[in-house]
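The values are calculated or read from the model by the stated rules, or taken from the named source; none is laboratory data. Treat the numbers as computed from the prediction; the structure is a model and nothing was measured. Every residue, glycine as well, gets a Cβ built from its backbone with ideal geometry; the counts of neighbours run over all protein chains shown.
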C-alpha cells in the first residue's frame, strides 16, 4: 500500500509542459481513492477544435448632422440606400465571387442558355435609427444628429474585402468592424468533437498512470464538464485608407478562427 502511494506521488511530481498534451501529462490535479484492491482516480482531459469561420458580417456606423432634422434623416437614409445598391451590384454578377472551377461551370451553363439561380448570397440590415439634438457651446450651433448601423452579412468570406471597398467609396467612411462566425450546426459539431477529444485525452492519461503503477484499467466510470468555451473572431480596420487607394487595408483575416475548448474530469477504476 505504501509503495503504491509512493508510485502515485512520483507520477504527480513530474515536471511537464502543459502545452504539449500529446507528449506529456500534468497530474497535479489528479484525485484517487482506494477501494480494497481497486483504485478510483479522476483524471482531467482537454479537447480543442479549430473552426474556420464561414460567415462574415461587415458593420458600418452611420452618422449625419444638419441644422434641419429632415435633412439629416435624408442624408443618413441616402447613405444606406447607396451602400445597399453597391452591394446588389457586387453580387449581381456571380462570376465576381466564384472560384475558377465554379466560374467555368457557370460559363458553360450560360452558353447553353441556362440562367444561374443563386441563393443566400448576402443580407443587409440596419439597426435602430436614432435622432438627437446637439448644441455646440463654442460655436453656438444647434444641429440634429442621426445615427444608425448598417450590417452586411455574407457566407462568401472572400467578398468581404470588396464589400468594404465599395461601401467606403459610397460614403461609409466612419470606421468598420468585421465579425466572423459559424452557423449553429458547425458550432455544435465542433463542441461535440472537442468533447470526444477531451475524453480521449483523459483516457490516454489514465492508461499512462495505470502503466506506471503496474495496474490495469478496470472500468471507465463517468465524466463531468470542467470548461466549455470558445473565442469570438473579429477584425477591425480604417476604411479611409481604402478610399484613397481604392482597396481595403482590412483584408479578411484567414487566421481569424474560432477555437472551441472542452475540459472534462473522467473517473476511472484501476485494479
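Assorted remarks:
- Test for residue 142: is it loosely packed, with under 12 Cβ neighbours inside 10 Å and at pLDDT below 85: no
- Test: residue 75 is over 27 Å from residue 171 (Cβ atoms) and either modelled with pLDDT of 90 or more or surrounded by 12 or more Cβ atoms within 10 Å (Cβ to Cβ) (or both): no
- Scanning the range 151-168 for residues that are buried (at least 22 other Cβ atoms within 10 Å of the Cβ) and more than 18 Å from the chain's Cα centre (by Cα) yields a count of 4.
- When each of 123, 132 is tested for being surrounded by fewer than 18 Cβ atoms within 10 Å (Cβ to Cβ), assigned to a strand (DSSP E or B) and modelled with pLDDT under 90, the lone residue that passes is 123.
- Wholly enclosed helices (runs of 4 or more DSSP H) of the range 160-271 bearing at least 3 residues farther than 24 Å from residue 55 by Cα and modelled with pLDDT of 90 or more: 184-212
- Residue among 85, 63, 42 that alone is at pLDDT below 95, on the phi < 0 side of the Ramachandran plot, surrounded by fewer than 16 Cβ atoms within 10 Å (Cβ to Cβ) and assigned to a strand (DSSP E or B): 63
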